[in-house]
Amino acid sequence: MELSNSDEIHGEQEFIDGLYARVDALRGATEDSVTDALGQGNTPMQARLERDILVAERSGLLAALNAVDGSLCFGRIDLTSGVSHHIGRIGIRSDDADLTPILIDWRAEVARPFYLATGHTPMDLRRRRHLTTDGRRVTALHDEILDLGDATRTGHEDPSGDAVLLAALNSARTGRMSDIVQTIQAEQDEIIRAPYRGVLVVEGGPGTGKTAVALHRAAYLLYEYRELLAKRAVLIVGPNPAFLGYIGEVLPSLGETGVLLATVGELFPGVKATATDTRAAASVKGRADMADVLAAVVRDWQSLPDPVIAIEHDREILMLDDGLVRVARDRAREAQLPHNAAREHFEGHILNTLTEMVAERIGTDPFDGSNLLDPSDITQIRDELAENPEVWAAIDQLWPRLTPQYLVADFLADPVGYVSDDDADAIRRPVTRAWTVADVPLLDEAAELLGRDDRVRRARAQREREEQVSFAQGVLDVSFASRTFEFEDKEEGDPEGSEVLSAHDIIDAERFAERHEEEDHRSAAERAAADRTWAFGHIIVDEAQELSPMAWRLLMRRSPTRSMTLVGDPAQTAEAAGVGSWSGILAPYVEDRFDHRRLGVNYRTPAEIMDLAAAVVRAENPGFEPPSSVRATGVRPWVRATDDLPGAVAKAVGELAPVEGRLAVIAPRDLHRRLAARLDGVTAGAEPDLTRSVVLLDPRQAKGLEFDSVLVVEPGRYGTSDLYVALTRATQRLGVLHTGSLPLSLAGAGVV
């Protein structure tokens with residue numbers, strides 16, 4: 001007998017109610033109740049261990065539950081065997097002995113048919129159901145019948161199977177990306193679950209969902225390889241801070257919070273890039289040959305006397321000339337260590353050279369020329385030289401300790417002699433200027449070339465350790481003064497079996513100090529953010545085509561296993577230093593050993609807007625094929641000329657601004673202040689608030705973002721790539737305003 005629509009919804013509502021009752025019970029669970037549920041176990045130690053394990057598991061689950069907002073459950077699959085599984089953003093198990101799952105995590109293998117099954121390949125499914133919820137309330141059901149021989153119907157059948165997808169595509173934007181876990185398509189699922197090892201390249205035009213796929217891939221990898229990635233962390237690199245804010249809620253909504261999101265400008269601990277380079281400067285700094293340039297800069301800091309360095313020691317003058325220092329320098333370089341680490345070898349050679357000078361002067365027999373000094377005398381001379389400030393002043397002059405910040409700032413202040421005159425003019429800047437994004441890979445390269453002289457750090461750590469042990473010894477002396485502990489042998493009343501111990505027989509100062517050392521409670525992602533040498537378990541790079549060769553050197557150092565997912569579109573390359581081709585990016589590191597996948601369906605941009613954007617690229621590349629849009633809205637974009645740009649923008653914003661959702665005004669950066677002055681509540685800035693109903697961006701800030709409506713201002717001032725990006729941000733409506741001449745691709749597009 002077929003159920004009515006209301007019966008079906010009521011049944012799903014009962015399940016949802018039961019699911020949230022379980023969630024509420026979990027949230028209310030305390031450590032004591034967990035202990036009671038476990039019982040005493042075989043031994044008190046075992047009971048405590050089991051309790052700790054369960055508390056840890058539940059605390060992780062509770063963290064996920066608190067991060068997941070709204071609908072935990074979004075689907076159900078009914079198998080031909082009669083078994084049904086509900087699918088959700090995270091998995092939840094029952095309290096019975098075998099911990100039966102009551103909600104299947106979307107990443108589990110058993111959930112795959114929800115995304116892959118078709119009428120042609122039903123994968124043993126009878127029905128696939130999408131649940132639409134508002135908080136805890138079921139509002140709609142959409143059923144897809146996959147077993148056409150099954151005559152049972154619910155009244156919620158969706159013949160096309162696209163209702164949920166189209167509803168998501170047409171929904172109002174919020175200024176934050178939402179997950180697509182309910183609408184993952186088959187081609188996207190294959191990429192999300194691709195093998196963990198190696199480099200995976202995901203290429204796709206605007207609106208193909210490549211960013212969402214990459215984020216869901218991160219969630220899947222964290223689920224499938226939890227133990228490994230929980231220790232090594234996942235790094236997600238985005239093009240700008242606005243983009244990171246835009247995607248920042250996706251992984252928490254899927255129950256994953258242990259991920260580091262950063263721009264390239266944030267990947268050198270202690271430095272945040274706040275300044276902006278000219279296009280020419282960014283191009284020069286991003287070139288691969290800057291690695292050789294910086295290596296030459298470092299070598300030039302390993303200098304020779306000009307012509308000699310005089311050192312006063314014991315009322316005599318010791319002369320370090322070019323030849324003596326050259327030998328010491330060559331031997332230090334032979335160690336093939338970074339500059340700061342190799343300095344120890346240089347110091348040793350210089351001290352040995354000076355020791356030989358002194359020994360020869362004071363220890364040579366005037367009659368036969370023999371050396372009258374024994375080894376202890378030589379050692380004493382060397383120790384005395386090592387205490388001479390003039391010796392260390394000479395060493396600092398010839399082989400100074402350097403920091404990456406000092407080296408790069410000094411080089412950029414005067415780059416003449418290392419690059420061409422034109423390049424030097426492009427990158428020259430005052431030492432006091434703030435860092436740019438293009439500077440960060442230079443700092444990272446410098447850090448590799450310089451290394452660290454760990455002697456100072458080790459000495460400081462040793463001093464701190466000695467102080468801790470000394471303090472612990474004092475505590476023991478005071479706390480246990482004149483106190484003893486008596487232990488009796490198993491034989492009662494046997495005086496020979498008793499032993500009297502002092503506190504120091506039970507615990508010594510070193511062990512006591514160890515117990516009170518501070519533990520590092522930071523997550524793996526937090527520790528990775530503070531450690532330049534951290535090796536991530538997996539790295540995801542969005543807008544990967546934009547990164548410079550020097551930026552790729554930085555990222556590859558952080559992925560020695562080359563476990564990476566690269567997302568981008570060469571047609572959208574806009575940065576002067578961008579590599580723009582996958583082989584150009586990867587050949588120096590993995591040659592051609594990477595997996596390339598392409599997404600060809602445009603879910604964001606309506607066909608009417610995509611046709612206009614494609615014309616821009618075809619003006620330069622006649623063979624260009626854009627991704628195919630899944631929908632048309634019937635609303636054509638418009639292009640208008642104006643003599644009053646601020647006034648026309650204000651009027652157009654009134655026309656385009658959706659009742660719900662978001663509107664972006666995309667304009668050249670130098671126009672932002674003028675335009676913002678005419679737009680209520682709109683501000684100009686480097687990090688716009690994307691949750692506001694109207695935002696003002698330049699084309700680079702708009703990369704990777706989407707809005708219900710978009711107004712593109714002065715398209716003639718954009719390059720082809722920037723204009724293509726700007727035109728493809730809208731999900732519903734697009735307008736274009738200009739005062740000057742239009743690009744031919746727009747002028748000839750028939751839109752007026």
- Message: Taking the conditions exactly as written (under 29 Å from T263 (Cβ atoms), under 34 Å from the mean Cα position of the chain (by Cα) and open to solvent by 10 Å² or more (accessible area, probe 1.4 Å)), does R674 satisfy them or not?
- Response: no
- Item | D189 more than 22 Å from D708 (Cα to Cα) and either among the aromatic types (F, W, Y) or open to solvent by less than 50 Å² (accessible area, probe 1.4 Å) (or both) | yes
- Taking region 728-752 as the region of interest, how many residues are of a type outside the set (K, R), within 29 Å of V541 (Cα to Cα) and either in contact with a strand residue (DSSP E or B) (Cβ under 6 Å, 6 or more places away or on another chain) or without any contact (Cβ under 8 Å) to a residue 12 or more places away in the chain (or both)? 4
- Task: Considering only region 524-538, state which residues are open to solvent by less than 20 Å² (accessible area, probe 1.4 Å) and closer than 16 Å to G265 by Cβ.
- Result: none
- Message: Between Q336, Q302, which is over 35 Å from the mean Cα position of the chain (by Cα) and farther than 13 Å from M357 by Cβ?
- Response: Q302
- Kindly provide the set of residues from region 181-198 that are part of a loop (DSSP other than H, G, I, E, B) and not hydroxyl-bearing (S, T, Y), ordered by number. V181, Q182, I184, Q185, R193, A194, P195, R197, G198
- Item | Residue in region 426-442 that is farthest from K285 (Cα to Cα), counting only those that are surrounded by fewer than 24 Cβ atoms within 10 Å (Cβ to Cβ), at pLDDT 95 or above and of a type outside the set (V, I, T) | W435
- Item | Residues satisfying the stated conditions in region 655-668, i.e. crowded, with 16+ Cβ neighbours inside 10 Å, aliphatic (A, V, I, L, M) and assigned to a loop (DSSP other than H, G, I, E, B) | A657, A667
- Examine region 739-748 for a residue that is in contact with an Asp or Glu (Cβ under 6 Å, 6 or more places away or on another chain) and outside any loop (DSSP other than H, G, I, E, B), and state whether such a residue exists. no
- Item | Residues satisfying the stated conditions in region 232-268, i.e. over 13 Å from the mean Cα position of the chain (by Cα) and either within 14 Å of E543 (Cβ to Cβ) or modelled with pLDDT of 90 or more (or both) | A242, Y246, V250
- Task: For region 562-588, name all the residues that are touching a residue at least 40 places away in the same chain (Cβ under 8 Å) and hydroxyl-bearing (S, T, Y).
- Result: S563, T565, T573
- Item | Output for region 580-625, where each listed residue is of a type outside the set (G, A, S), open to solvent by less than 50 Å² (accessible area, probe 1.4 Å) and over 27 Å from E190 (Cα atoms) | E608, I609, L612, V616, V617
- Among the strands (runs of 3 or more DSSP E) contained in region 545-654, which hold 1 or more residues that are within 30 Å of S741 (Cβ to Cβ) and more than 30 Å from the chain's Cα centre (by Cα)? 638-641
- Message: Checking the structure you have, find out if any residue of region 104-117 is of a type in the set (V, I, T), surrounded by 16 or more Cβ atoms within 10 Å (Cβ to Cβ) and in contact (Cβ under 8 Å) with a residue 40 or more places away in the chain.
- Response: no
- Task: Say whether the condition of being part of a loop (DSSP other than H, G, I, E, B), farther than 21 Å from R452 by Cβ, of a type outside the set (K, R) and open to solvent by less than 60 Å² (accessible area, probe 1.4 Å) is met by at least one residue in region 304-325.
- Result: yes
- Query: Do you know which residues across region 719-738 are in a loop (DSSP other than H, G, I, E, B), out of contact with any Gly (no Cβ under 8 Å at 6 or more places or on another chain) and buried (at least 23 other Cβ atoms within 10 Å of the Cβ)?
  - Reply: R729
- Message: Given the condition within 26 Å of the chain's Cα centre (by Cα) and β-branched (V, I, T), answer yes or no: does some residue in region 681-691 qualify?
- Response: yes
- The condition from (1) hydrophobic (A, V, I, L, M, F, W, C); (2) at pLDDT 95 or above; (3) under 24 Å from N240 (Cα atoms) that A648 misses is numbered (3)
- Query: Got a sec? Which strands (runs of 3 or more DSSP E) wholly within region 199-282 have at least 3 residues that are β-branched (V, I, T) and surrounded by fewer than 18 Cβ atoms within 10 Å (Cβ to Cβ)?
  - Reply: none
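The values are calculated or read from the model by the stated rules, or taken from the named source; none is laboratory data. All of these numbers come straight from a predicted model, not from anything done at the bench. Using ideal geometry, Cβ is built from the backbone for each residue, glycine included, and neighbour counts are taken over all protein chains shown. Heavy atoms of the whole protein, side chains included, go into the accessibility calculation; ligands, DNA and RNA do not. Shrake-Rupley method; radii C 1.70, N 1.55, O 1.52, S 1.80 Å.
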